[in-house]
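Note sheet for the following structure.
The values are calculated or read from the model by the stated rules, or taken from the named source; none is laboratory data. Predicted model, so just to flag it, every value in this text is computed and none were measured. Every residue, glycine among them, receives a Cβ derived from its backbone with ideal geometry; neighbour counts consider all protein chains shown. Note: accessible area is taken over every heavy atom of the protein model, side chains too, but ligands, DNA and RNA are not part of it. Shrake-Rupley method; radii C 1.70, N 1.55, O 1.52, S 1.80 Å.
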Amino acid sequence: MVRALALSAALFATPLMASEGHEAVTTFTLDNGMDVVVIEDHRAPVVQHMVWYRVGSADEPAGTSGIAHFLEHLMFKGTDTLAPGEFSATVAANGGNDNAFTSYDYTAYFQRVAADRLELMMQMEADRMRNLSLSEEDIATERDVILEERNQRTENNPRALFGEQMSAAQYLNHGYSVPIIGWRHEMETLGMEDVLSFYQNHYAPNNAILVVTGDVEPDEVKALADQYYGVIPANPEILSRARSQEPPQTAERRLTFKDPRVAQPYVQRSYLAPERDSGAQEKAAALYLLAELLGGSTTSYMNEKLQFEQEKVVYAGAFYRGVSLDDTTFDLVVVPAEGVSLQEAEDAMDQVVAEFIAEGVKAEDLDRIKMQLRAAQTYARDNVDGIGNRYGRALTSGLTVEDVQAWPDILQAVTGDEIIAAAREVLQPEASVTGWLMRDDEVTQ
């Protein structure tokens, strides 16, 4: 399998010493191929234990959308040694909390507990990595739970339904076009065979990353990891992630989503954009700063022009999702002011973005954004949960520890010319989808 960590196959731990702006990180790989990342923070006697699997909804077999998220739910059922619900009950009884989440590129499970409870967490997590025990009743009950989750979070939310349609239109051939929770008609058919196949094919130590953050010593973590995870055999059938890729996008797409429940109509545009690539994050850094400058705050260019000067919108935003295994998106959103049509808002947005590119980046604006980023990165080091998430998301999305630690300096080195060059390259109509979210009676012109 293509490793997401730049680790030696040797058993010796590799420390990356703490430096200004960086955490103290130690990495190693177990004999069975499981990667381990230890991030020390001895300020409080707590630890976060996370297992990240290099599999998400974009890796699902055709026709089984939602299976990655469904399995995430079912992992809280029983094992050969734990009764259904006993895992979380044990975490709570030990004063901790636990949960899990599924994305396009990964599935992660975590517990936050007192540091002296780390061994118990490893013992239980390793148990369910290989000994999940399910009944048909578990399947039926949890399938109803996820269908109701879709009802609450998606079917009853016009914005969520609109977002699904935007993604489906943006990606012509990639799994990112399918919602993480799954299409309802496919969710309804998920069964035991689908679940066990996905579990057996993807849940193995050589497809996982253990991330431990907090009041721990690397040697202690290694000894425990060897004891509990190291005894689980690798799955030799796990290969590199084979995903269908996007063809060249050559046609601008548009969609209109009407729903009487829409409280606030708005315009959204997404562009296909490159993700952060290991060893070559400069273009992604330019896009990240472009989003901040265009629509990252109330003082950004789009808000200054559209909201305060022209008074045509009540909100304008720009977003770039750089941590992604494959091509991601760069998004623009404008919410029209009272009496302004969606078409007028879209036209004004296009004009302002064109003006930004033509004028170039003002040095004082770029300096301000970079200063804010430096402050945010400093504060982020106080959040043990956030640190573990930052490394886990990156490592399951094709980046390395070195990439994560280089990112702040790469952001600081980006120039205004590089930001404009990235904007000209990515903000191309033929790779875009423009969507209008509106009520049935909305005036469009």
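Suppose we filter Glu355, Glu346, Glu338, Glu311 for residues that are modelled with pLDDT of 95 or more and within 18 Å of Leu289 (Cα to Cα); which single one remains?
Numbers: Glu346 fails: within 18 Å of Leu289 (Cα to Cα); Glu338 fails: within 18 Å of Leu289 (Cα to Cα); Glu311 fails: within 18 Å of Leu289 (Cα to Cα).
Of the residues listed, the single one that is modelled with pLDDT of 95 or more and within 18 Å of Leu289 (Cα to Cα) is Glu355.
Residue check: is His202 buried (at least 19 other Cβ atoms within 10 Å of the Cβ) and either touching a strand residue (DSSP E or B) at 6+ places or on another chain (Cβ under 7 Å) or farther than 26 Å from Ala431 by Cβ (or both)?
Numbers: buried (at least 19 other Cβ atoms within 10 Å of the Cβ): yes; either touching a strand residue (DSSP E or B) at 6+ places or on another chain (Cβ under 7 Å) or farther than 26 Å from Ala431 by Cβ (or both): yes.
When the stated conditions are applied, His202 passes them.
Just checking: which of the strands (runs of 3 or more DSSP E) contained wholly in the stretch 172-286 hold 1 or more residues that are more than 30 Å from Arg117 (Cα to Cα) and hydroxyl-bearing (Ser, Thr, Tyr)?
Values: elements: 208-214, 253-258, 266-273.
Result: 253-258, 266-273.
Does Val361 satisfy being part of a helix (DSSP H, G or I), surrounded by 21 or more Cβ atoms within 10 Å (Cβ to Cβ) and touching a helix residue (DSSP H, G or I) at 6+ places or on another chain (Cβ under 8 Å)?
Working: part of a helix (DSSP H, G or I): no; surrounded by 21 or more Cβ atoms within 10 Å (Cβ to Cβ): yes; touching a helix residue (DSSP H, G or I) at 6+ places or on another chain (Cβ under 8 Å): yes.
Against the criterion (part of a helix (DSSP H, G or I), surrounded by 21 or more Cβ atoms within 10 Å (Cβ to Cβ) and touching a helix residue (DSSP H, G or I) at 6+ places or on another chain (Cβ under 8 Å)), Val361 does not qualify.
Which residue, of Val323, Val262, is open to solvent by 40 Å² or more (accessible area, probe 1.4 Å) and modelled with pLDDT of 95 or more?
Details: Val262 fails: open to solvent by 40 Å² or more (accessible area, probe 1.4 Å).
Exactly one of Val323, Val262 is open to solvent by 40 Å² or more (accessible area, probe 1.4 Å) and modelled with pLDDT of 95 or more, namely Val323.
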Practice task
State the number of residues belonging to the stretch 97-114 that are under 16 Å from Phe198 (Cα atoms) and either without any contact (Cβ under 8 Å) to a residue 24 or more places away in the chain or part of a loop (DSSP other than H, G, I, E, B) (or both).
Solution key: 4
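Does Pro218 meet the test of being within 25 Å of Asn151 (Cβ to Cβ) and of a type outside the set (A, V, I, L, M, F, W, C)? Walk me through how you get there before you give the answer.
On the way: within 25 Å of Asn151 (Cβ to Cβ): no; of a type outside the set (A, V, I, L, M, F, W, C): yes.
For Pro218, the condition - within 25 Å of Asn151 (Cβ to Cβ) and of a type outside the set (A, V, I, L, M, F, W, C) - is not met.
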Problem - Subset of the stretch 251-284 that is under 17 Å from Ala394 (Cβ atoms) and of a type in the set (Asp, Glu) - its residue that is farthest from the chain's Cα centre (by Cα) - result: Glu282
Practice task
Find all pairs meeting these conditions: Cβ atoms under 8 angstrom apart; at least six residues apart or on different chains; first residue within the stretch 153-170 and of a type in the set (Asp, Glu); second residue part of a helix (DSSP H, G or I) and surrounded by 15 or more Cβ atoms within 10 Å (Cβ to Cβ).
Solution key: Glu155/Leu161; Glu155/Arg184; Glu164/Thr154
Practice task
Tell me which residues, restricted to the stretch 145-189, are over 29 Å from Glu430 (Cα atoms) and either of a type in the set (A, V, I, L, M) or modelled with pLDDT under 95 (or both).
Solution key: Val145, Ile146, Leu147, Met187
Completion exercise
Subset of the stretch 78-115, residues closer than 24 Å to Trp183 by Cβ and surrounded by 15 or more Cβ atoms within 10 Å (Cβ to Cβ), comes to Ala100, Thr102, Ser103, Tyr104, Asp105, Tyr106, Thr107, Ala108
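Could you count how many residues in the stretch 44-65 are in contact with a strand residue (DSSP E or B) (Cβ under 9 Å, 6 or more places away or on another chain) and in a loop (DSSP other than H, G, I, E, B)?
Of the stretch 44-65, the ones in contact with a strand residue (DSSP E or B) (Cβ under 9 Å, 6 or more places away or on another chain) are 44-57.
Pick out the ones that are also in a loop (DSSP other than H, G, I, E, B) and you get 44-45, 54-56.
Residues in the stretch 44-65 being in contact with a strand residue (DSSP E or B) (Cβ under 9 Å, 6 or more places away or on another chain) and in a loop (DSSP other than H, G, I, E, B): 5 in total.
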Exercise for the section: Answer yes if at least one residue in the stretch 399-421 is open to solvent by 30 Å² or more (accessible area, probe 1.4 Å), in contact with a Ser or Thr (Cβ under 6 Å, 6 or more places away or on another chain), under 30 Å from Gly360 (Cβ atoms) and in a helix (DSSP H, G or I), and no otherwise. Expected result: no
